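Encoded as structure tokens, the structure appears first; notes follow it.
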Amino acid sequence: MSLAASLLSFKLILLAGLASWISVVAFNNLIAFRNGVFALGQIMRMAPLDQAPAIQTPLQSRKVDNVAWHRAVLSIVLAAEVVSALLLWSAAAALAGAGIVADPIALANLALTAFMATCFLMLLGGSWFAYYIRQDNVQLLHFVLIGVSVLGLLAVNLRA
């Protein structure tokens with residue numbers, strides 16, 4: 001296998017892997033929407049801060065108890081996940097030669113940027129509700145996913 005072919009294989013697996021993962025996440029959020037609303041509502045209600053030992057902070061003034069807001073926010077996240085998935089799948093197909101895109105690398109850059117924006121959406125939303133106090137592992141996951149998108153962007157722009 002040539003260097004160019006092996007690099008193309010890497011790019012395809014990266015894009016298709018991320019597309020697969022975010023597709024499963026979006027599908028799960030769609031199928032179990034009510035559960036997602038509840039989980040997101042826990043963050044927006046800042047419920048983990050009330051668990052023993054309770055943590056009192058002025059940030060709790062940001063609590064959002066309204067379920068309609070929880071549904072709306074999850075709908076936005078779900079839409080971002082779907083857009084990211086579609087762009088990642090399109091970029092993988094274009095790199096494989098199945099697309100009619102003039103510049104598949106530019107499409108891959110757009111797809112990875114959308115993926116990173118989706119992760120920043122979750123990171124910033126969670127940070128607004130201080131999820132890092134009791135759910136630091138979720139925040140770390142969001143940072144890792146942003147890092148993966150940056151490394152992916154660098155990787156897809158490598159030329160052989």
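Observations on the model:
- Separation of the stretch 39-99 from the stretch 129-160 is 15 Å, based on Cα centroids.
- Crossing angle, helix 33-44 versus the chain [Cα axis fit, 0-90 degrees, rounded to tens]: 60
- Solvent-accessible surface (1.4 Å probe) assigned to residue 63 amounts to roughly 70 Å².
- For the options 59, 123, 88, a Gaussian network treatment of the chain with springs between C-alpha atoms closer than 10 Å singles out 59 as fluctuating the most.
- Matching label, Cα Rg over 2.2 N^0.38 Å computed from the structure shown, candidates (i) 1.34; (ii) 1.13; (iii) 1.21: (iii)
- Computed E for residue 128/residue 21 - FRET, C-beta separation, R0 25 angstrom, nearest 0.05: 0.50
- Long-range HN-HN contacts of residue 99 with modeled amide H, under 5 Å: 94
- By accessible area with a 1.4 Å probe, ligands and nucleic acids excluded, highest first: order of 23, 61: 61, 23
- MRE, 222 nm, helices only [DSSP H, n ≥ 4, -39500 (n - 2.57), over the chain, to nearest 500]: -25500 deg cm²/dmol
- Within the shell defined by Cβ-Cβ distances under 15 Å, the residues around residue 43 carry a net charge of +2, with Lys and Arg each +1 and Asp and Glu each -1.
The values are calculated or read from the model by the stated rules, or taken from the named source; none is laboratory data. Please read these numbers as outputs of a predicted model, since none were measured by experiment. Quick reminder, even Gly has a Cβ in these numbers, built from the backbone with ideal geometry, and neighbours come from all protein chains shown. These accessible areas exclude ligands, DNA and RNA; they are computed on the full protein's heavy atoms, side chains included. Shrake-Rupley method; radii C 1.70, N 1.55, O 1.52, S 1.80 Å.
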